[in-house]
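**Student:** I have a structure here, written as structure tokens, and I will follow up with some questions on it.
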Amino acid sequence: MKNKTLLLLFLTISLNAFAQKFDGLAETPPMGWNSWNTFATDINEQLVKDIADKFVELGLRDAGYEYIVLDDGWMAMERDENGNLVPHPEKFPNGMKAVADYVHSKGLKFGLYGDAGTKTCAGYPGNRGYEFQDARKYAEWGIDFLKYDWCSTGKQNAEASYTTMRDALYKAGRPVVLSICEWGDNQPWTWAQDIGHLWRVTGDIINCWDCEVGHGTWSSWGIWPIINMRGNIRKAAGPGQWNDYDMMEVGNDFTDAENRSHFAMWSMLTSPLIMGNDLRTASKETLKTLTNKEVIAVNQDKLGIPALRFSNAGDFEIWVKPLADGEWAMTFVNMADAPRNLDFDWQKHEIGDDLNNRRLDLKNGKFNIRDLYNHKDLGDTSKNLKATIGSHDVLMVRLRK
Ligand code: GAL
């Protein structure tokens, strides 16, 4: 009897130990590309292959981009007679394993989209009730990333629903990054750290600087509303767990200046850097922004501390981000419609991050200032920092000892 009880106890403990997210998959914010912002459900095998080729050809892979993720619309409208998810037969005539194999052959990783409810947002089959079966299918196909949406979920509990998929993925045995997408409705930054590797913090992004576009029951948001929508979520993020400000709209009808600001801010906020533009037609300037290794290094800094807003006065925002080894990143954003002259006196400002107990210590020596978009040194903090910043543009710098 005693032995039986011990055995049961052991089984319970080991089953619980089994239920966890895959560790070590997102020590820095994930980087990649997702089909939704540009293609919606108009996706197919050739598109994935083209994007994978572009990752290599355009130096995106070398810059750190890794995941190619198919969003909603990759499935057939019905499961098969055994309840399996089926890739859309015309869009993916060779199945998903062939697509994943191609992506893997380029040294990249492959992701798919699912939904915790009964239907995806575009009306395809949801994962509800099929989580373990679907997770096995993903593993069989070679999926490395799952974006998991929240449409048609009725009264489902978010934490429980995402935990079920986490456990299903873990049980299937293939390491998968779990990207939680419930739009911040249930405050995932308060419960998702042990469940997913990233979680959306807002509703859908749209390619405007500062707008809200209503769709009846929900809205899409421009860059600045997204940046400012959530207070006090910095502490939730860090290695393995990231606030996701949504797939980027860099290259989607923004000015070059706005693209730079958007990319700078996603990097400062330690958001995942998931591109959402058509890489086959991207302009040189857009690619220059997306592959800027000095900016990416701020996003990928090993401390993983999100930026905080230091000031916003008179159409001018200043953001600061502590980096490893006592360095800092700073981004000055000109929100106005006209260029603006910056004259920043280091002696007059105390820069710090109380949450992480870090100060920019100017008393014990000066810092060199590196301009991350123009790739040049701008002197040091013993003199005022002077620059002209164009409308909706940024000056992004790194302060080094
Ligand atoms: C939304 C999600 C978008 C996209 C879309 C697909 O819920 O936020 O990023 O995945 O569904 O239908």
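**Student:** Out of 355, 378, 395, which single residue is within 25 Å of residue 293 (Cβ to Cβ) and in contact (Cβ under 8 Å) with a residue 60 or more places away in the chain?
**Tutor:** 395
**Student:** Taking region 34-65 on its own, how many of its residues are more than 16 Å from the ligand (Cβ to nearest atom), part of a loop (DSSP other than H, G, I, E, B) and surrounded by fewer than 20 Cβ atoms within 10 Å (Cβ to Cβ)?
**Tutor:** 4
**Student:** Find the residue count for region 217-264, including only residues that are farther than 24 Å from residue 280 by Cβ, open to solvent by 20 Å² or more (accessible area, probe 1.4 Å) and part of a loop (DSSP other than H, G, I, E, B).
**Tutor:** 7
**Student:** List, please: which pairs have Cβ atoms under 8 Å, are six or more places apart or on different chains, and start with a residue in region 231-254 that is more than 16 Å from the ligand (Cβ to nearest atom) and end with one that is assigned to a loop (DSSP other than H, G, I, E, B) and acidic (Asp, Glu)?
**Tutor:** Here the result reads 239/27; 240/23; 240/27; 251/278, each pair linking region 231-254 to a residue that is assigned to a loop (DSSP other than H, G, I, E, B) and acidic (Asp, Glu).
**Student:** Just to be sure before I move on: is residue 122 open to solvent by 10 Å² or more (accessible area, probe 1.4 Å), away from the ligand (no atom under 16 Å from the Cβ) and either in a strand (DSSP E or B) or on the phi < 0 side of the Ramachandran plot (or both) in the structure I sent?
**Tutor:** Against the criterion (open to solvent by 10 Å² or more (accessible area, probe 1.4 Å), away from the ligand (no atom under 16 Å from the Cβ) and either in a strand (DSSP E or B) or on the phi < 0 side of the Ramachandran plot (or both)), residue 122 does not qualify.
**Student:** What is the residue count in region 185-211 for residues that are in a loop (DSSP other than H, G, I, E, B), closer than 27 Å to residue 175 by Cβ and open to solvent by less than 10 Å² (accessible area, probe 1.4 Å)?
**Tutor:** Summing the residues that are in a loop (DSSP other than H, G, I, E, B), closer than 27 Å to residue 175 by Cβ and open to solvent by less than 10 Å² (accessible area, probe 1.4 Å) in region 185-211 gives 5.
**Student:** Got at least one residue in region 283-305 being among the acidic types (Asp, Glu), closer than 22 Å to residue 232 by Cβ and touching a helix residue (DSSP H, G or I) at 6+ places or on another chain (Cβ under 7 Å)?
**Tutor:** yes
**Student:** Right, another one. Considering only residues that are of a type in the set (S, T, N, Q) and more than 16 Å from the ligand (Cβ to nearest atom), look in region 129-184 and name the one that is most open to solvent (accessible area, probe 1.4 Å).
**Tutor:** Ranking the candidates gives 157 first.
**Student:** Condition first: outside any loop (DSSP other than H, G, I, E, B), of a type in the set (Phe, Trp, Tyr), open to solvent by less than 20 Å² (accessible area, probe 1.4 Å) and within 16 Å of the ligand (Cβ to nearest atom). Can you find one or more residues in region 72-91 that meet it?
**Tutor:** No: zero hits.
**Student:** Pairs only if they're at least six apart or on different chains, beta carbon under 6 angstrom, first in region 161-173 and over 15 Å from residue 141 (Cα atoms), second open to solvent by less than 40 Å² (accessible area, probe 1.4 Å) and modelled with pLDDT under 95; list them, first residue then second.
**Tutor:** 167/19
The values are calculated or read from the model by the stated rules, or taken from the named source; none is laboratory data. The structure presented is a predicted model; accordingly, all values stated were derived computationally and were not measured. Here Cβ is always computed from backbone atoms with ideal geometry, including for glycine, and neighbour counts include all displayed protein chains. We work out accessible area using only protein heavy atoms, side chains counted, and drop any ligands, DNA or RNA first. Shrake-Rupley method; radii C 1.70, N 1.55, O 1.52, S 1.80 Å.
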